[in-house]
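Have a look at the structure below before the remarks.
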Amino acid sequence: MRRSPTATGGASFATGWRPGSETTWRQQNWSSKAPEQVVLEAEPYRRLSYTWHTFDPARREQCS
């Protein structure tokens, strides 16, 4: 599983970059990984389509 470069806010995105690969979002002490969170399409350096994470009630407290 490869990770994207760290973005603003210390977030990272880990995936195998192939259709069907799981994706994991990480930011500070929080991460989101769910069976619905997968790569749909990928063309290196051109296109990445993926499903977004599901709602995480624990994250609500961090965001408010």
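Nothing in this text is a laboratory measurement; each read-out follows from the coordinates by a stated rule. What you are looking at is a predicted structure, and each value in this text was computed from that prediction instead of being measured. Methodologically, a virtual Cβ is constructed for each residue, glycine included, from the backbone with ideal geometry; neighbour enumeration extends over all protein chains shown.
Our coupling estimate for region 34-51, obtained by passing each phi through the Karplus curve with A = 6.51, B = -1.76, C = 1.60 and θ = phi - 60°, is 8, x, 7, 9, 9, 6, 9, 9, 8, 10, x, 6, 10, 8, 9, 10, 8, 7 Hz, Gly and Pro reported as x. Distance in nm between label sites at R26 and E41, each 7 Å beyond Cα in the beta-carbon direction? Going by the 7 Å Cα→Cβ label model, 2.9 nm.
Taking amide H positions as modeled 1.01 Å from N, with prolines and chain starts lacking one, the residues under 5 Å from A34 and 5 or more places away or on another chain are T23.
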